Amino acid sequence: MRTGGSSKEPFGSFNMGLHVGDDPQAVISNRQTLCDELGFSFARFSCAEQIHGNKVMRITAAEAGAGRETFEESIAKTDGIYTDEKGILLTSFYADCVPLYFIDPASLAIGLAHAGWRGTVGRISEEMIRAFARDFGSKPEEILTAIGPSIGGCCYEVDDFVIDQVKQSSNRWQTCVTKTGQGKYMLDLKLLNQLIMEEAGIRPEHILRTDWCTSCRPDLFFSYRKEAGKTGRMASYIGWA
């Protein structure tokens, strides 16, 4: 959600992104407020640079707190972060891209992935599932996942360049695409991520997917497209207290 913070317009009010031109002190205040509300130490607020890729990285006590006060100290060139350690608050930031959440009840591993269209077609969700299996012995069929608010298929228009890569990302890609004109398509990124998760071994009943569209509801969510690029960023977060 975008409300309840210290940032001024056009970043009003609960902007969590240090990279969008907002007053850094307002963003830090918002981040501290979130930690206080969740019962986490701000020193353990951890985040990555997010470059619309598919790299995921394990966060340990050594990396905890990365990027909390300066963007330059974020985990570099990474769009997915995960851990099995208590007290670390994993966070990532959004204004139309898709937030993906992962929990393995057996190992207590948790993760977040930031999936724009590039990360989605790069199957970042599958990269996270593989990392869980490699580092924690997680079984894909036991992992629980969620897909948070993002721009919906109702509002996300893309071109042939994007669709050509979508076609390579899932054998069921057509269910996510509606052609609207010559070289124009509406793309449902949330659904595409769900299909990729299923292809990577996640059970359909272990995927929660919201229908909220960030572009339809700029009163509730930041939307990069709806607000012509001048807006804040919401945070997704997950952690064991």
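Derivation of every value follows stated rules applied to the coordinates shown; laboratory data play no part. Quantities reported herein were computed from a predicted structural model and do not represent experimental measurements. Reconstructed Cβ throughout: ideal geometry from the backbone, glycine too, with neighbour counts over all protein chains shown.
Some observations on this one:
- Using a simple spin-label model with pseudo-atoms 7 Å out from Cα toward Cβ, ALA146 and GLN25 lie 3.4 nm apart.
- For SER138, neighbours were defined as the other residues whose beta-carbon sits under 11 Å from its Cβ, and their charges (Lys and Arg +1, Asp and Glu -1) total -2.
- Neighbourhood net charge (14 Å Cβ-Cβ; Lys/Arg +1, Asp/Glu -1) for TYR185: -2
- Look at TRP173, TRP117, TRP212 and count the other Cβ atoms within 10 Å of each Cβ; fewest to most, that gives TRP212, TRP173, TRP117.
- In terms of surrounding Cβ atoms within a 10 Å radius of their Cβ, ILE75, ILE59 rank from fewest to most as ILE75, ILE59.
- Note on LEU220 and ASP36: with the Förster distance fixed at 22 Å, the Cβ-Cβ geometry gives a FRET efficiency of about 0.50.
- Highest to lowest packing among 60-71, 45-56, scored as the average C-beta count within 10 Å: 45-56, 60-71
- Sparsely packed trypsin sites (Lys or Arg not before Pro) within the stretch 99-205, loop by DSSP, other Cβ within 10 Å at most 14: LYS167, ARG172
- Residue exposure proxy: VAL98, VAL162, VAL121, ordered by other Cβ atoms within 10 angstrom of their Cβ from fewest to most, comes out as VAL162, VAL121, VAL98.
- With a Cα cut-off of under 28 Å and a minimum spacing of 8 residues unless on different chains, the lysine pairs in the chain number 28.
- The DSSP beta bridges internal to the stretch 110-241 are antiparallel in roughly 65% of cases.
- Given +1 at the Cβ of Lys and Arg, -1 at the Cβ of Asp and Glu and no other charges, the dipole of the chain around its Cα centre is 300 debye to the nearest 20.
- Environment charge at ARG209 (Cβ cut-off 13 Å; Lys +1, Arg +1, Asp -1, Glu -1): -3
- Scattering curve values for the stretch 145-199, log₁₀ I(q)/I(0), Debye with Cα scatterers, q = 0.13, 0.25, 0.27 Å⁻¹: -0.29, -1.00, -1.13
- Farthest positive-ward along the chain dipole, Cα basis, beta-carbon charges - from PHE161, ILE207, ILE88: PHE161
- Around the Cα centre of the stretch 198-241, unit charges on the Cβ atoms of Lys, Arg, Asp and Glu (plus for the first two, minus for the last two) sum to a dipole of about 280 debye.
- Sorted largest first, the spans of the alpha carbon positions of the stretch 112-223 along the three principal axes are 46, 33, 21 Å.
- Percent RCO, i.e. relative contact order, over the chain, from Cα pairs under 8 Å lying at least 6 residues apart: 23
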